[in-house]
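Working notes, beginning with the structure itself.
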Amino acid sequence: MTRKLFGTDGVRGEANSWPMTAEMALKLGAAAGRYFRRDGRNGHRVVIGKDTRLSGYMLENALTAGLTSTGMNVLLLGPVPTPAVGYLTRSMRADLGIMISASHNPAKDNGIKFFGPDGFKLSDEAELEIEALVAGEIRLAQPMNIGRAKRIDDGLGRYVEYAKTTFPARDRLAGLKVVIDCAHGAAYKAAPQVLWELGCEVIEIGTKPNGLNINDKCGSTHTRAAAEAVVAHGADLGISLDGDADRVMILDENGLVADGDQIMALFAARWAEAGLLRGGALVATVMSNLGLERFLTGRGLALERTAVGDRYVVERMRAGGFNLGGEQSGHIVMTDYATTGDGLMAGLQFLAAMAETGRRASELTRQFETVPQMLKNVKFKAGQAPLDNENVRKVIAEAEGKIAGQGRILIRKSGTEPLIRVMAECEDAGLLAETVEGIVAAVEQATA
């Protein structure tokens, strides 16, 4: 069966347009409820969290109606980070966890992510089964078996307390000044609270959500606001999260940004030295820089590459018994602590490195020299398949021949947006630009 609803990270789209309508959310809720109630027992429960988007209210209510209609009991967490949903699904012995969020996307978008009872995101196979149920007729519960809904007031507090336990008890953060940018998103309460309770002097930005300003010129995809705050306040560190707090970018005391590759390199080296890196490898996607691979190889460590998407990173980590992975975009997955990327916990691990080494952030964020990389996106319209175009394929093949032995090319369709992503790496800047621009021009011609 071809996936129509689910992308690389749940179901996502513009609010009040297919598939992000109240009607579809109701169907998804009912289908997920029926999927998890296949054993016919009563007492099944689901936890639902959301970020701060205006459309979250609509989708939360629709999902609740669909889930209760099939006999699921719903526990509503309110605004919490995505990793909190993974943690609380498992902690509260729920059968299912749902996060309503479009992550780093603008406020007009929203999404629905599903977590299994173990706190990990559902497999492709499970999502396909739910999608098949949506397309069919869903059997509803008998009147006396309709589920209940209850708001859980202390869900955020439970996550805050757990997040603090991931920071080494022997370390102290008193005297450190930290800028935290919450992107007006799901961590706007949790992240500043955790940092303050661990002893930091906290400068908050992006902590005044109004339903429409999530990720707006702030957060991990717009780090300028955090960088300016770090410099203006003379902070030791900046931690910039995305709208649902499963991504992070770290900013040093000069306001310079370290992406997920540099953060993972630091953690991998430290964990390996301490004998904590399981499997002697880091798991990352095909987008991670070639410089990261060289850095790891030089330390006798391996880089396991996966398809783009933190779910695929986690699947490889679980299959191979690895405990560290992530994406260049800032998903840092540490399965010793969390079931999905957790920007706040990654920030705490970076702070632990600062506390334990006594080194400044700028000394820790530059672990390797990156190979020059260029990424450009090309939009396409519904129904178009530019990568199947004969001329596009020809241009790509010619470019691969030119760059062979000097770098690499990666062209892929985005799993969350109507974009073709064209990425290349090469030490020769001129060849790099020529390669990317040639492919982009061919794709643009095919979509004109």
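Tallying residues that are of a type outside the set (Asp, Glu) and either closer than 14 Å to Arg393 by Cβ or open to solvent by 30 Å² or more (accessible area, probe 1.4 Å) (or both) within region 435-447 yields 7. If you go through region 363-407 and keep only what is of a type in the set (Phe, Trp, Tyr) and closer than 23 Å to Gln262 by Cβ, you end up with just Phe368. Within region 354-380, restricting attention to residues that are β-branched (Val, Ile, Thr) and either in contact (Cβ under 8 Å) with a residue 40 or more places away in the chain or open to solvent by 80 Å² or more (accessible area, probe 1.4 Å) (or both), the residue that is farthest from Met264 (Cα to Cα) is Val378. Is there a residue being small (Gly, Ala, Ser), closer than 22 Å to Gly78 by Cβ, open to solvent by less than 20 Å² (accessible area, probe 1.4 Å) and in contact with a Leu (Cβ under 6 Å, 6 or more places away or on another chain) anywhere in region 15-31? Looking through region 15-31, at least one residue is small (Gly, Ala, Ser), closer than 22 Å to Gly78 by Cβ, open to solvent by less than 20 Å² (accessible area, probe 1.4 Å) and in contact with a Leu (Cβ under 6 Å, 6 or more places away or on another chain). Within the option set Leu88, Leu77, being open to solvent by less than 10 Å² (accessible area, probe 1.4 Å), modelled with pLDDT of 95 or more and either out of contact with any Cys (no Cβ under 9 Å at 6 or more places or on another chain) or not small (Gly, Ala, Ser) (or both) holds for one residue only, Leu88.
A quick yes/no check of all residues on (1) in a helix (DSSP H, G or I); (2) out of contact with any strand residue (DSSP E or B) (no Cβ under 8 Å at 6 or more places or on another chain):
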| residue | (1), (2) |
| --- | --- |
| Ser17 | no, yes |
| Ala31 | yes, yes |
| Arg53 | no, no |
| Ala65 | yes, yes |
| Thr68 | yes, no |
| Val74 | no, no |
| Thr89 | yes, no |
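Counted as qualifying within region 105-209 are the helices (runs of 4 or more DSSP H) with 2 or more residues that are out of contact with any strand residue (DSSP E or B) (no Cβ under 8 Å at 6 or more places or on another chain) and within 21 Å of Leu351 (Cα to Cα), namely 155-165, 190-197. What number of residues within region 155-205 are open to solvent by less than 10 Å² (accessible area, probe 1.4 Å) and among the small types (Gly, Ala, Ser)? Qualifying residue count, region 155-205: 8. A Cβ distance below 6 Å, combined with a sequence gap of six or more or placement on separate chains, defines the contacts here; from region 389-413, residues that are touching a residue at least 40 places away in the same chain (Cβ under 8 Å) reach residues that are acidic (Asp, Glu) in the pairs Gly407/Glu425; Arg408/Glu425. Checked against (1) over 30 Å from Val11 (Cα atoms); (2) surrounded by 19 or more Cβ atoms within 10 Å (Cβ to Cβ), Gly280 meets all criteria but (2).
Taking only region 419-448 into account, find how many residues are more than 22 Å from Val308 (Cβ to Cβ), of a type in the set (A, V, I, L, M, F, W, C) and either in contact with a Phe, Trp or Tyr (Cβ under 9 Å, 6 or more places away or on another chain) or not in a loop (DSSP other than H, G, I, E, B) (or both). Final tally of qualifying residues: 4. Filtering Ala94, Ala107, Ala126 for residues that are in contact with a helix residue (DSSP H, G or I) (Cβ under 9 Å, 6 or more places away or on another chain), at negative phi and at pLDDT below 95 leaves a single hit, Ala126.
What are the residues in region 419-434 that are free of Cβ contacts under 8 Å to residues at least 40 places away in the same chain and surrounded by 15 or more Cβ atoms within 10 Å (Cβ to Cβ), if any? Leu431, Glu434, listed by residue number. The number of residues in region 381-394 that are open to solvent by 30 Å² or more (accessible area, probe 1.4 Å) and either in a helix (DSSP H, G or I) or over 30 Å from Pro19 (Cα atoms) (or both) comes to 6. Being in contact (Cβ under 8 Å) with a residue 12 or more places away in the chain, surrounded by fewer than 24 Cβ atoms within 10 Å (Cβ to Cβ) and closer than 17 Å to Arg151 by Cα is a property that Thr68 has.
Filtering region 237-258 to residues that are of a type outside the set (Ser, Thr, Tyr) and under 8 Å from Ser220 (Cα atoms) leaves Leu241, Asp242, Arg247, Val248, Met249. If we scan region 58-65, do we find a residue that is buried (at least 18 other Cβ atoms within 10 Å of the Cβ), within 15 Å of Val46 (Cβ to Cβ) and of a type in the set (Ser, Thr, Tyr)? Taking every residue of region 58-65 in turn, at least one turns out to be buried (at least 18 other Cβ atoms within 10 Å of the Cβ), within 15 Å of Val46 (Cβ to Cβ) and of a type in the set (Ser, Thr, Tyr). Beta carbons closer than 7 Å, at least 6 apart along the sequence or on distinct chains, pair a first residue in region 172-185 that is under 15 Å from Ala225 (Cα atoms) with a second that is aromatic (Phe, Trp, Tyr) and part of a loop (DSSP other than H, G, I, E, B) for Cys182/Tyr188.
The values are calculated or read from the model by the stated rules, or taken from the named source; none is laboratory data. Source: prediction; values computed, not measured. Ideal geometry is used to build each Cβ from the backbone, glycine not excepted, and the neighbour counts take in all protein chains shown. The area values use the complete protein model at the heavy-atom level, side chains included, leaving out ligands, DNA and RNA. Shrake-Rupley method; radii C 1.70, N 1.55, O 1.52, S 1.80 Å.
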